[in-house]
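Reviewing the structure listed below.
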Amino acid sequence: MVSPARAKALEKLGVRTLRDLLTHFPRSYLDLSQVETCASARIGETCTIRGTVHEIKLKKPRYNLKLVEIALVDGTGILMVTAFRQPWLMDQVKAGDEVAVSGKVTFDYGYKRMTNPFIEVVGEQDGPSMAGAVVPVHPATEKLSAAWVRRIVANGLEEADGAFDPLPLGLRLRYRLMSRNAALHAIHFPRTMDEAAEARRRLVYEELLYLELFLMQEGAERARGATPTAHVVDGRRVGAFATGLPFALTGEQERARDEILAAMAASSAMNHMLLGDVGTGKTVVAGFALAAAADTGGQALLLAPTEVLARQHAEGLGSLLAAAGVSCELLTGSTPAAERASITGRFAAGEVDVLIGTHALLSDDVQPARLTLAVIDEQQRFGVDQRARLLAKGEAPDALYLTATPIPRTLALALYGNLTLSYLKHRPHDAVSRSTRVLPKELQGEAFDAARAALARGEQVYVVCPLVGKSTAERDEKAAGKASDADAAGEEYHPVVAIEGEGDFDDDVTAATKEAAMLQATTFADYTVELMHGGMGADAKRAVMERFRDGEVQVLVATTVIEVGVDVPNATVMIVQDADRFGLAQLHQLRGRVGRGTKAAEVFLVSASTRDESLARLAAMETTDDGFELAAYDLSLRREGDILGNRQHGASGLKLVNIMRDGAVIEAAHADAAALLDVDPCLEEPDHRAMAREVRLAFAGETVGG
Ligand code: ADP
Ligand code: MG
């Protein structure tokens, strides 16, 4: 039995049911078979050291910073342990306790040290922790020590012993997987690290299989009863659109077009993602799909995340489509009411083929007469519910997602289940060179020299302002010893959502305003500098964008609102201030604003950081221009939870999976799920029922009961 206070604390860890408890997996292990002594531990290496607490002290180097310092001794010497943001250690660890600490050994101020290691009191005789040489470290909190969590997990395992293994025997045999029971025991209390790895292998496969089953069943459910459209894909307007293009498609674009049109021609609902780095020319490929919808007598919606982008589509793509006989309209939040009523009225009457717009498209007054295609541009910017709302406006419409987030195929499968994919890996203007340089702050003058040279040639310049404000505190802590790595210690952990690295940064309007004024007064005094930031209204932003596109404004100072997809070919230089504060994916998106024309472009990433990791990360931007490579690199630097943000549904049911490492398992689970549903779409066979229940429990938000 657990006291109400502890039950509450457990709930904070997401543990409410026995099932939650059993999947409350250790965050790491202390491998006591690999213990070093204070003397033998090598500086720069990660190891476990066991010793006695000689002294433990709470220190406050600054008013908002607390750290606990432990002096650990063994027969051979002393190790200083510093733990940031875990003041409760003062209650959980006492002088005289025997503890094991695991982390990287450094040498500072005359001592070997560990900063924010995993700390475990190992002297207790009450837990199963000492059964083997491996001590699991379960996520714990201030109120619940890891040792206590370990104990109730052990109780939970006892209670669940003998439970039925939901995974069909055939699959277990094929991959030589442990039984569920054995795996749960072994992942919580492994005797060796190998055993833990084997347990993980079984549980990861299981998680992924259930996720794929869930996503596929959900997709089938959505399509049930509705009749998808088999599109005409070689009609008059598709032909006219092709003829009217001002350029020839690249081979990759042709292939993507063919794949999409083939999926649209099929009589099942299309669920297709077109992945391509910024500037690879996804829009025009989508144009073929839109024309095919019109040829079929259907209608289409094209949803874009921002007003600037929607407008750009309406002007560029919209006029190409119009020339091919496809009627288009634009609907955004700033469309005047009377015009809006007229547009939605004509759309409802079937008089408009394609409606392009922002979130305004999601509102109830947008009621197509016969929606057969929904295109979502920059789909990573939309939530699952928004996607669902758009698709609900038609009867099983085909869906085409465009994304510049270079997610690997395995991640796409993990997030979306049944999905077909096309990739654009090269830009149409690959011949154009774009160089990227990382500059320390004191050399930023070189960037501004390059900018002035470009301006003198009649070209234009972006200056992207630093993200001040939001993470200053974080930076302080970093300076004080990387405390932000201390997510250990059981702080509630909110994964940084979205691999695209487009968190909602607070635009620091003041800083950007100052920067713009300063640049106008000094460096670019003889040119026109304007400012664009997220706090501006849509009209004001559009006006600035138009002046920039028309060349009236030569220097655009902006926060990250320089929209994905914004296309001004004459802009050739971009200077990003405080570049280390951006994710690589975001920097790559940003630099995609330049080098879009036929002129060579230069990107300067200015950073005042002296941290090796930050600079190494930025250096990756210099060495590769391949968004997929950068994304993989970014992913490899992140913790598991970060990758599948909880914004994406399904993902919350994944506890162990690592998208990069487990790619092969994802592929296998995907294929196995498809095969299972092929023979038993509702998972009703006796051998599958337990599995169906697991799928619902893990992903459909169902709770145990009855
Ligand atoms: P993104 O994939 O980032 O959405 P866009 O669709 O905006 O890229 O295309 C980027 C630019 O490349 C646009 O100006 C577009 O007109 C141009 N473009 C697209 N395809 C080709 C092509 N095959 N040849 C030449 N230019 C192209
Ligand atoms: Mg685009």
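The values are calculated or read from the model by the stated rules, or taken from the named source; none is laboratory data. Computed from a prediction, not measured in an experiment: that's the story for all the values here. Using ideal geometry, Cβ is built from the backbone for each residue, glycine included, and neighbour counts are taken over all protein chains shown. Accessible surface is based on the protein model in full, side chains and every heavy atom, while ligands, DNA and RNA are left aside. Shrake-Rupley method; radii C 1.70, N 1.55, O 1.52, S 1.80 Å.
Between LYS8 and ALA674, the modelled labels are 5.0 nm apart [label points 7 Å from Cα along Cα→Cβ]. Scalar couplings 3J(HN,Hα) for region 668-677, obtained by applying the Karplus form with A = 6.51, B = -1.76, C = 1.60 to θ = phi - 60°, are 5, 5, 4, 5, 5, 5, 4, 5, 4, 6 Hz; x denotes Gly and Pro. Taking the C-alpha atoms only, the angle from helix 307-323 to the longest principal axis of the chain is near 40 degrees. Annotation: extensible slack from SER268 through ALA220 equals 16.3 nm (criterion: 0.36 nm per residue apart, minus Cα-Cα distance). Note on region 1-103: with neighbouring protein chains present and a 1.4 Å probe, carbon and sulfur make up 51 percent of its accessible heavy-atom surface. The listed peptides 264-273, 678-687, ordered by packing as a protection proxy, come out as 264-273, 678-687 (highest mean of other Cβ atoms within 10 Å first). Would you mind classifying region 236-405 by shape? Square roots of the alpha carbon gyration tensor eigenvalues, ordered a ≥ b ≥ c; an a/c under 1.5 is rounded, otherwise it is prolate if a/b is larger than b/c and oblate if not. Because its axes are fairly even, with a/c under 1.5, region 236-405 counts as rounded. Once backbone amide H atoms are built at 1.01 Å from N, LEU421 has MET273 as its partners under 5 Å, excluding neighbours fewer than 5 places away on the same chain. Working note: 222 nm ellipticity from helices only, DSSP H runs with n ≥ 4, each -39,500 (n - 2.57), summed and divided by the residues of the chain, gives -12000 deg cm²/dmol to the nearest 500.
Per residue, region 236-405 exposes 33 Å² of solvent-accessible protein surface, assessed with a 1.4 angstrom probe and all protein chains in place. For THR296, the residues whose amide H sits under 5 Å from its own are VAL232, ignoring neighbours fewer than 5 places away on the same chain, with H placed 1.01 Å from N. Annotation: amide H-H contacts under 5 Å for HIS138 (H modelled 1.01 Å from N, sequence separation of 5 or more, or interchain): ARG27. Restricting attention to the chain, close to 35% of DSSP beta bridges with both partner residues there are antiparallel. Look at the dipole of the chain built from charges on Cβ: of GLN380, SER422, VAL81, the Cα furthest out on the positive end belongs to VAL81.
Backbone geometry of region 36-47 corresponds, through the Karplus equation with coefficients 6.51, -1.76 and 1.60 at θ = phi - 60°, to 3J(HN,Hα) couplings of 10, 9, 4, 6, 7, 4, 8, 5, x, 9, 9, 7 Hz, x marking Gly and Pro. Other residues with beta-carbon under 9 Å from the beta-carbon of LYS599 carry, at +1 per Lys or Arg and -1 per Asp or Glu, a net charge of 0. Counting only alpha carbon atoms, the long axis of helix 538-549 and the longest principal axis of the chain meet at about 70°.
Under the convention that each Lys and Arg Cβ holds +1 and each Asp and Glu Cβ holds -1, the size of the dipole of the chain around its Cα centre is about 720 debye.
The string of couplings for region 155-160 from the Karplus curve (6.51, -1.76, 1.60, θ = phi - 60°) is 4, x, 4, 4, 4, 8 Hz, one whole number per residue in order, with x for Gly and Pro. Could you pull out the pairs from LYS59/LYS104; LYS12/LYS104; LYS393/LYS655; LYS425/LYS655 whose alpha carbons sit more than 25 Å apart here? Beyond 25 Å between Cα atoms: LYS12/LYS104; LYS393/LYS655; LYS425/LYS655. Helix 627-637 and the long axis of the chain differ in direction by around 20°, with both axes built from C-alpha atoms.
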